[in-house]
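The values are calculated or read from the model by the stated rules, or taken from the named source; none is laboratory data. Quick caveat: nothing in here was measured; it's all calculated off a predicted structure. Quick reminder, even Gly has a Cβ in these numbers, built from the backbone with ideal geometry, and neighbours come from all protein chains shown.
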Amino acid sequence: MAKSKVTRFETGQAMAPWPEIPGSALISGKPEQQGHLYFQDDAYGLKIGVWHCTPMHTKEGPHGSNEYCIILDGSASVIDADGKEHHFGPGEAMFLPKGVVRQWKQTEDCHKFFFIFEDPSGSQAEGSAALRPMRMEGHGPGGLAVVDLTDQSVFVGETPSQHLHTYHADPSGQLTAGVWDCTPMTTKSGPFPRHELMSILEGSVTIREEGVGDHVFKAGDTLLVEKGAEISWISDEYVRKYFMIFYPDEAMARVADAAE
């Protein structure tokens, strides 16, 4: 059987101890963190996995990566540059753009899935001083916009109706974070053109992977489909999800390698 490029994230995943957070970065706490990486690509600064940490409160500073996370257990707060505290509990998702000034505060243990893009190319957003932590909402901040499906050749049967809201598109042009929905849809099997992390909010989907078999995901599940996976998407019902889409740009990777 071929090695699968579709990964189901498990809340009970075994984790290993991670490096100690230096006291110079902390306001309070002696945090103990542990984690597991489901996927890593150092050339692009990608780290995708699960993390757990005991209580802590970090000093204010710029966030070193673009990061999506969805809280599994416990809670955490992000305090922005204006001093506003954004609290997140189980099932809630956030996006932190690279460079956003923030504090991270936990009064209890926190357990989360995460997608980190460090962007070693050095791309910087215009107006970075205005960056703020983002609370991702299941229907977007004001609803979802219609997706114009100009290429219908990928579908089997009826063309679906899709909507989305983009929360962030990074300045390197590789990463997009948002929420998406779709009516029942079946696609033709073919190579997946990107890495995509999905957190299913509503409905269910079967991802049929050539040479591997069927993967069934439902509301509450988080999964990763790697670029190059030979898959088709089969859903008999409405599906809504958070997504982190990453299109690897080889030119960016070469720039990053040259800078090392």
Query raised in the report: Can you find a residue in region 153-161 that is of a type in the set (A, V, I, L, M) and over 20 Å from the mean Cα position of the chain (by Cα)?
Result: yes
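Which members of region 84-107 meet the condition of being outside any strand (DSSP E or B) and within 12 Å of ARG132 (Cβ to Cβ)?
If the condition is that a residue be outside any strand (DSSP E or B) and within 12 Å of ARG132 (Cβ to Cβ), then LYS84, PRO97, GLY99, VAL100 are the ones that fit.
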Requested in this report: With respect to PHE88, determine if the residue is out of contact with any His (no Cβ under 9 Å at 6 or more places or on another chain), modelled with pLDDT of 95 or more, buried (at least 20 other Cβ atoms within 10 Å of the Cβ) and more than 30 Å from SER189 (Cβ to Cβ).
Outcome: yes
Query raised in the report: Residues of region 195-222 being loosely packed, with under 15 Cβ neighbours inside 10 Å and either in a loop (DSSP other than H, G, I, E, B) or touching a Cys at 6+ places or on another chain (Cβ under 8 Å) (or both), which ones?
Result: GLU210, GLY211, ALA219, GLY220
Query raised in the report: How many of the residues making up region 132-145 are in contact with a Leu (Cβ under 9 Å, 6 or more places away or on another chain) and either in a strand (DSSP E or B) or at pLDDT below 95 (or both)?
Result: 2
Query - Residue match in region 226-249 (condition: over 20 Å from VAL6 (Cβ atoms), modelled with pLDDT under 95 and surrounded by fewer than 18 Cβ atoms within 10 Å (Cβ to Cβ)) - result: yes
Report task. Output yes when any residue across region 108-127 is at pLDDT 95 or above, assigned by TED's automatic domain parsing to the domain that holds MET56, surrounded by fewer than 16 Cβ atoms within 10 Å (Cβ to Cβ) and part of a loop (DSSP other than H, G, I, E, B), and no when none is. Result -> yes
Query - Candidate set from region 11-39 (those that are under 17 Å from the mean Cα position of the chain (by Cα) and touching a residue at least 40 places away in the same chain (Cβ under 8 Å)); member that is surrounded by the most Cβ atoms within 10 Å (Cβ to Cβ) - result: TYR38
Query - Within region 92-122, tally of residues that are in contact (Cβ under 8 Å) with a residue 60 or more places away in the chain and either more than 19 Å from LYS47 (Cβ to Cβ) or more than 18 Å from the chain's Cα centre (by Cα) (or both) - result: 4
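Return yes when GLY173 is closer than 22 Å to ILE48 by Cβ, surrounded by fewer than 16 Cβ atoms within 10 Å (Cβ to Cβ), in the same structural domain as VAL225 (by TED's automatic domain parsing) and in contact (Cβ under 8 Å) with a residue 60 or more places away in the chain and no when it is not.
For GLY173, the condition - closer than 22 Å to ILE48 by Cβ, surrounded by fewer than 16 Cβ atoms within 10 Å (Cβ to Cβ), in the same structural domain as VAL225 (by TED's automatic domain parsing) and in contact (Cβ under 8 Å) with a residue 60 or more places away in the chain - is met.
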Report task. Test each condition in (1) of a type outside the set (Asp, Glu); (2) assigned by TED's automatic domain parsing to the domain that holds ARG194; (3) farther than 19 Å from MET198 by Cα for TYR167 and report the one that comes out false. Result -> (3)
